[in-house]
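Each remark here refers to the structure printed beneath this line.
The values are calculated or read from the model by the stated rules, or taken from the named source; none is laboratory data. These numbers were taken from a predicted model, which means no experiment stands behind them. Neighbour counts run over all protein chains shown; Cβ positions are idealised from the backbone, glycine included. Surface areas here come from the heavy atoms of the whole protein model, side chains and all, with no ligands, DNA or RNA. Shrake-Rupley method; radii C 1.70, N 1.55, O 1.52, S 1.80 Å.
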Amino acid sequence: MTTSPVEEAAALRAQLLGWAEAYFERDAPLVPDADYDQAMKRLEALEREFPDLATPDSPTQRVGSAPLSEFEAVEHRLPMLSLDNAFSAEDMDDFHRRVTERLGDGGAAYCCEPKLDGVAVSIVYEHGALVLAATRGDGTRGENITANVRTISNVPLTLSGEDVPPYLEVRGEVVIPREAFERMNAQARAADEKVFVNPRNAAAGSLRQLDSRITARRPLAFTAYSVGVVEGDLPGAHDAILQRLSEWGLPVSEHVQTVTGIAACDDYYEALARQRDTLPFDIDGIVFKVNGMAEQEKLGFVSRAPRWAIARKFPAQEVSTQLLGVDFQVGRTGAITPVARLQPVFVGGVTVSNATLHNADEIERLGVQVGDTVVVRRAGDVIPQIVSVVEGSTSDSSTERAKIAFPGQCPDCGSDVAREEGEAVIRCIGGMACGAQLKAVIRHFASRKAMDIEGLGDKLIDQLVDEGLVGSVADIFRLSQPQLATLERMGEKSSDNLLASIEQSRSTTLPKFIYALGIREVGEATARALATHFLELDALLAASTDVLEGVDDVGPIVAHHIRGFASDERNQRVISDLLALGVNWPTVTVASGEGPLAGTTWVVTGKLESMSRGDAEQRLRALGAKTASSVSAKTSTVLAGPGAGSKRKKAEELGISIVDETEWLAMLEEME
Ligand code: IVH
């Protein structure tokens, strides 16, 4: 069935209004922003193509919706507008072309700023005193939230410094930093209160509290990004205005940078996109503004957005798609993880067709069923996950909604499954008799940060286990040319290569070996701490839980898992087999506190050429240094490779010495 443009536009309008109402009025978004943007774009395109379709009440004509009745309404003296979006470098070129055509100037200067993902507010200062704060509302009328904004700790109640204009309207974004958000949600969870979906919703909900004492307890932070009505003099460039605001005590982003030309804008975008996941707050893109105020004035506005600015959006980190089914995967420890099979979607910059559902409790919490439309989130390198079900979205008639049933038997080996007291995870009890567990154990053992056996990939591991050639990790070191020759797609050359890399992996380090054992809860960092503490494998395996708990990072649970692992006879056998088959590592002789670098603390950042950061840290520790993950006044030296960002900057600010890889290697050579 085809729909006419009239019907499509009407449907889009109704949908957008409903979504906007839920988003703005109830702080309860129904769909991810990307879906909203996409529907808005489609409606804008339709209205452009068929101008008769545009209605005065179309959501394309509005930025949000009318304020709630409980807050007093505030009329903005200058409307609070929105920004046009760019989604690619091509869109940026178009923007630049439009700007230069109007200005007749090829080398426009742009001020680049992060697009903070929070809530827009306007704050008015009269003779330096905060007198009014308002939300954007529908752009023309917002809500008076003065009492709430006065509670935000980094919003000055009076401005300081020289030449403060008699009337100054500052505009900016209120956000909740990510860490503070996690803490706030953890507290809410502990108190059995409502948790927020993301920092932006938490910020919006906090600002719209009628009781400002509640707002005062929320970790809100303000960043100024422009001015509205100003009576008095201001500099003639946007960046200089921000500088003045900051001199008067207003918080301004530390990432603001003015560049010339569009190529430099692209570079800025790429650089910040790389830092996105490590920034203390969520950003959803970069805003580029023509820097000269005279130029801004000349360019003016179109409908709801300025011609002198554009927001280049990052790939959405949350999008909606349909849940097609659920597979159950058995991990290294027997944990059975439900994995969602999804209608493939582009999210966080890649196409995703699977996402984790964590465990049975999570399925229940989400109330998700097969056939539902779900919101998938993929941020940075974190595995994609399902964060919510889109209400009322139950799929079209072609798919039935179906409950997700957790298997009563291991889907791989058919063994029973069990759930330990107080644990969310359901496990297969088959141990190494379960092919899926054995394969996962071997994958971990061979992985780069463990024994680093190059060429021993997933497919090959599946074959080796299925053919019965490998029944424990020790069997890897018993493999021979004739055995490998029996495998599919295994030529002489590849089997030679594999045997060579197995041979090479025999020489390892103690931390890597401990990590490779795959003891529950013992990750890379804990393995390193254990190696540094015990220096010898036997000492670790013989340690009591009390002794184990004396190691940095090791609590009762980890100690219990290590003890459990060490006292299991099958594990003892595998370890002695591995040693008998020639697996070895250099004895660690220097514990932290001795050695040429004793008493120094290092931070390794950026990408190194000759080794991984982890290996570099280990070399440093072997020389007696301490290593840390963040730069502080206690840091002695930062080893910075290419791509080092905020840590390098911080070191520069603190005047801490920075060495590059070449200098560092030369230093090591002298010391080792
Ligand atoms: S300038 C007339 N700069 O993005 C242009 N906006 O759609 C006014 N935002 O709701 C906006 N960071 O609250 C500007 N550095 C920034 C921003 C920013 C976030 C928000 C703003 C507005 C939306 C624009």
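Could you list, in their original order, any pairs among Lys449/Lys626; Lys194/Lys313; Lys115/Lys626 whose Cα atoms are separated by more than 27 Å? The answer is Lys194/Lys313; Lys115/Lys626.
Carbon-plus-sulfur accessible fraction, the chain (probe radius 1.4 Å, protein heavy atoms only): 49%. Could you name the lysines in cross-link range of Lys298, using Cα to Cα under 21 Å and dropping any fewer than eight places away on the same chain? Excluding near neighbours in sequence, the set is Lys289. Using only the C-alpha atoms, the convex hull of the range 555-672 corresponds to 153 Å³ per residue. Helix-only arithmetic for the chain: the sum of -39500 (n - 2.57) across DSSP H runs with n ≥ 4, divided by the residue total, places the mean residue ellipticity at 222 nm at -10500 deg cm²/dmol.
Here, the chain yields an orientationally averaged convex hull projection of 36.0 nm² when only Cα atoms define the hull. When the alpha-carbon atoms of the range 262-329 are used, the pair Rg, Dmax equals 17.9, 61 angstrom. Cysteine residues of the chain whose C-beta has no other cysteine C-beta under 4.7 angstrom: Cys111, Cys112, Cys265. Were the residues from Arg183 through Glu524 laid out at 0.36 nm apart, the gain over their Cα-Cα distance would be 120.2 nm. For the chain, the relative contact order works out to 9 percent when only alpha carbon pairs closer than 8 Å and six or more residues apart are counted.
When the scattering of the range 450-606 is computed by the Debye formula from its Cα atoms alone, each counted once and equally, what is log10 I(q)/I(0) at q = 0.09, 0.13 Å⁻¹? Each listed q maps to, in turn, -0.37, -0.71.
Rolling a 1.4 Å probe over the protein heavy atoms gives the chain an accessible area of 49 Å² per residue. For Arg217 and Ser629, a Förster radius of 22 Å and the Cβ-Cβ distance give a FRET efficiency of 0.15, rounded to the nearest 0.05.
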